[in-house]
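Before any comments, here is the structure.
The values are calculated or read from the model by the stated rules, or taken from the named source; none is laboratory data. The model shown is predicted, which means the values in this text are computed figures rather than measured ones. Here the Cβ is made from the backbone with ideal geometry for all residues, glycine too, and neighbour counts use every protein chain on show. When the accessible area is computed, the model is the full protein with side chains, heavy atoms only, and any ligands, DNA or RNA have been set aside. Shrake-Rupley method; radii C 1.70, N 1.55, O 1.52, S 1.80 Å.
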Amino acid sequence: MLSGSFSNQAQAFENPPLYGNIIIRIKPIQHFQIPSLFLEQAYAIAPRDPYRVRVLRPIHSDDGNLAVSNFSINSPERFFSAVEDSNKLSLLSENDLLPLAGCSYLIEKTNEGFIGNVEPGCQCRVVRKGRESYLLSQFELTPKTMRTIDRGYDPSTHEHLWGCIAGPFMFEKLCDWSDEVPSSWG
């Protein structure tokens with residue numbers, strides 16, 4: 001369900017002061033031995049200049065539940081637009097990945113899809129505008145939609161520093177790339 005292109009254009013056009021028009025594109029990385037997805041998140045006006053580039057890795061946690069590990073990428077600009085360019089994506093290697101400690105999502109199955117919450121403990125650290133914060137994040141995924149909410153808080157005071165105050169971003173799935181998921185992923 002994660003593999004595809006998502007947009008919140010309807011929400012952004014309905015309420016532009018509160019929501020930027022964002023696209024999220026997630027493609028399977030077919031040449032990795034471990035199931036992995038390449039994520040680019042960008043404003044719709046600059047799709048080839050993403051502000052977030054990650055590798056997502058769905059895994060079964062020690063307790064048998066599903067989790068999604070997050071990795072940043074060393075020199076991510078080398079892979080901008082790799083979601084559109086399989087040759088560029090093929091250059092991504094395990095050595096490029098930087099694990100994001102405390103930033104895995106713990107996943108629960110729902111009737112329609114999945115809900116994921118960043119792991120507890122306020123350890124997922126993000127530097128934004130030169131200031132360190134911890135991330136609280138949640139997503140809900142269905143076959144046709146994704147809702148996300150990301151918020152950053154001060155590690156000492158727990159003051160809300162950044163992130164949506166109006167509620168979750170509502171994305172519609174525009175393109176489904178699930179047919180590119182290798183059969184070996186099971």
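Among the residues examined, residue 68 does not qualify as outside any helix (DSSP H, G or I), out of contact with any Pro (no Cβ under 6 Å at 6 or more places or on another chain) and either aliphatic (A, V, I, L, M) or buried (at least 16 other Cβ atoms within 10 Å of the Cβ) (or both).
Within the range 40-50, the set of residues being within 16 Å of residue 85 (Cα to Cα) and in contact (Cβ under 8 Å) with a residue 24 or more places away in the chain comprises 40, 47, 48, 49, 50.
Considered as a group, the residues in the range 24-47 that are of a type in the set (S, T, N, Q) and in a loop (DSSP other than H, G, I, E, B) include one that is surrounded by the most Cβ atoms within 10 Å (Cβ to Cβ), and that residue is 36. Close contacts from the range 15-33, counting a first residue that is closer than 30 Å to residue 165 by Cβ and at pLDDT 95 or above and a second that is open to solvent by 50 Å² or more (accessible area, probe 1.4 Å) and of a type in the set (Ser, Thr, Tyr), with Cβ to Cβ under 7 Å and a gap of 6+ residues or different chains, come to 21/43; 22/43.
The residues on offer are 8, 21, and the sole one that is open to solvent by 20 Å² or more (accessible area, probe 1.4 Å) and either closer than 17 Å to residue 174 by Cα or over 16 Å from the mean Cα position of the chain (by Cα) (or both) is 21. In the range 151-163 there is no residue matching the filter, namely being modelled with pLDDT under 95, closer than 22 Å to residue 2 by Cβ and among the hydrophobic types (A, V, I, L, M, F, W, C). Within the range 50-64, is even one residue farther than 23 Å from residue 101 by Cβ, part of a loop (DSSP other than H, G, I, E, B) and not hydrophobic (A, V, I, L, M, F, W, C)? Within the range 50-64, not a single residue is farther than 23 Å from residue 101 by Cβ, part of a loop (DSSP other than H, G, I, E, B) and not hydrophobic (A, V, I, L, M, F, W, C). For the range 137-176, give me the residue count where each residue is of a type in the set (Phe, Trp, Tyr) and under 23 Å from residue 60 (Cβ atoms). Selection size over the range 137-176: 1.
Applying the criterion of being under 17 Å from residue 7 (Cβ atoms) and of a type in the set (A, V, I, L, M) to the residues of the range 164-179, the residue that is surrounded by the most Cβ atoms within 10 Å (Cβ to Cβ) is 170.
Of all the numbered requirements in (1) over 21 Å from residue 105 (Cα atoms); (2) open to solvent by 60 Å² or more (accessible area, probe 1.4 Å); (3) not aromatic (Phe, Trp, Tyr), residue 182 misses one, and that requirement is (2).
Might you check whether a residue that is open to solvent by 50 Å² or more (accessible area, probe 1.4 Å) and under 15 Å from the mean Cα position of the chain (by Cα) occurs anywhere in the range 81-92? Looking for residues that are open to solvent by 50 Å² or more (accessible area, probe 1.4 Å) and under 15 Å from the mean Cα position of the chain (by Cα), one finds none in the range 81-92, hence no. Among the residues of the range 97-145, those identified as among the β-branched types (Val, Ile, Thr), surrounded by 14 or more Cβ atoms within 10 Å (Cβ to Cβ) and either part of a strand (DSSP E or B) or in contact with a strand residue (DSSP E or B) (Cβ under 7 Å, 6 or more places away or on another chain) (or both) are 107, 115, 118, 126, 145.
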